[in-house]
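S.K.: Here it is, the structure, as structure tokens.
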Amino acid sequence: MPLDEALGIAPYQQSSEELVRLGCLLSVMMPYAQASEVLRQWSGLSVSAASLWNWVQQVGQRAEAALAEALSRQASGEAVSPEAIDEVLAALPLAIGADGVMVPFRPTPKTPVGAIQWREVKVGILARLGTRVTRAGTTVPLLLRRRLVAVLGTIDDFIPSIQLEATRQGVDTAPVVVWLSDGGRGFWRVYRTCFATAIGVLDFFHAAGHLARATQALFGTLQSAEALAWFRRWRHLLRHGQAHRVRRALTQLIHLPGWSDSAFSTLLQVQAYFQRHHRHTRYQHFERLGLPLGSGMVESACKWLIQQRFKGVGMRWSDDGFNHLLLLRLAWANDRFDDLFPSVPRSLADPSPNL
């Protein structure tokens, strides 16, 4: 059969590596039932959703073993080889960021019974910072050569994986390295552990949100004209190189008498937050360097990598079911998907030039 030959299916063979690759690729992008139907519509071959799930687990186990081996070599002190990168990209700043996203899991393995357990997946993104010019003639940032990391586990589980990917992406030779994150202490521990010499940027919008908390504590509302004027003034100063004035004002406020317990506690927390990140709120300086002021690239990665595939209606995951599919989705996002299928000729793996 011509289609069998195209897919590499030999007589009496149940499935070819080419078909497994295609089934896994569709499963990376959509729920298993939909992937099964799209595969049937496209190829005329009937492959059940359960079979697709089994293929993903098999290939995911191989990906898991390869990652474990790479992490083991890194832990033993073996040098990690950076990936090849052309000179133009290598000359651009390397941006690194991380955040967490919650995913629904089954409380008991192999059964859907019981309440959903929400667990955090740590997501990291690494990208070269380029620029592009819009039709209006405005120069805006452009992320190039994006690479993603994601781990279901603790910050300590996440650190080796993002270290590995950073080394692969040339963190040691990049002319500028910038870390972007909100104020979550766990992710700033990643920064201190892995990228302490990088420029750290606290997401401006999260910082402004803490100023809003201080405003609420001061005025009891965010809606009055006086409260809005106070907030907008200090947000403007924060954004335009006057973060030291914001810190000084907050320090003066917490030494004034008469605060309620809750208001004092909030002001103390906000003051400590800005003091802790005093080097990470130099937004005017960062802007002059052409660096992003927000962690939107990380939040976008969380939505695109995790939410689009793992948070559909009615979805609840087992650890293995989630981890194996996640590793395949990461391989696809990082241009390494075909490495999981070494026996498939690249000419068959590449998209059709007629599509």
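S.K.: Would a scan of region 19-31 turn up a residue that is assigned to a loop (DSSP other than H, G, I, E, B) and over 21 Å from Gln307 (Cα atoms)?
M.R.: Within region 19-31 (the criterion being assigned to a loop (DSSP other than H, G, I, E, B) and over 21 Å from Gln307 (Cα atoms)), the answer is no, since none of the residues qualifies.
S.K.: Of the residues in region 221-249, how many are within 19 Å of Gln269 (Cα to Cα) and in contact (Cβ under 8 Å) with a residue 40 or more places away in the chain?
M.R.: The total comes to 2.
S.K.: Here's a follow-up. Between Ala207, Ala150, Ala196, Ala127, which is among the small types (Gly, Ala, Ser) and more than 30 Å from Ser76 (Cβ to Cβ)?
M.R.: Ala207
S.K.: Out of region 169-208, which residues are of a type in the set (Ser, Thr, Tyr) and surrounded by fewer than 20 Cβ atoms within 10 Å (Cβ to Cβ)?
M.R.: The initial filter retains those residues of region 169-208 that are of a type in the set (Ser, Thr, Tyr), namely 173, 181, 191, 193, 197.
Thr173, Tyr191, Thr193, Thr197, listed by residue number.
S.K.: May I pose another question? For a quick check of your reading of the model, give me the residue pairs whose first member lies in region 156-171 and is over 15 Å from Glu69 (Cα atoms), whose second is in a helix (DSSP H, G or I) and of a type in the set (Lys, Arg), with beta-carbon atoms closer than 6 Å and at least 6 apart or on different chains.
M.R.: Short answer, once both residue conditions are applied: none.
S.K.: Every residue in region 277-302 that is of a type in the set (D, E, K, R), modelled with pLDDT of 95 or more and either assigned to a helix (DSSP H, G or I) or within 15 Å of the chain's Cα centre (by Cα) (or both), please.
M.R.: Arg279
S.K.: Continuing with this model, one more query. Go through the residues of region 130-153 one by one and say whether even a single one is free of Cβ contacts under 8 Å to residues at least 40 places away in the same chain, closer than 28 Å to Tyr273 by Cβ and either buried (at least 19 other Cβ atoms within 10 Å of the Cβ) or not polar (S, T, N, Q) (or both).
M.R.: yes
S.K.: Checking Ser76 against (1) of a type in the set (Ser, Thr, Tyr); (2) more than 30 Å from Thr197 (Cβ to Cβ); (3) at pLDDT 95 or above; (4) over 22 Å from the mean Cα position of the chain (by Cα), which single condition isn't satisfied?
M.R.: With respect to (1) of a type in the set (Ser, Thr, Tyr); (2) more than 30 Å from Thr197 (Cβ to Cβ); (3) at pLDDT 95 or above; (4) over 22 Å from the mean Cα position of the chain (by Cα), Ser76 is out only on (2).
The values are calculated or read from the model by the stated rules, or taken from the named source; none is laboratory data. Computed from a predicted structure; not experimentally measured. Heads up, the Cβs are rebuilt from the backbone with ideal geometry, glycines too, and the neighbour counts pull from every protein chain shown.
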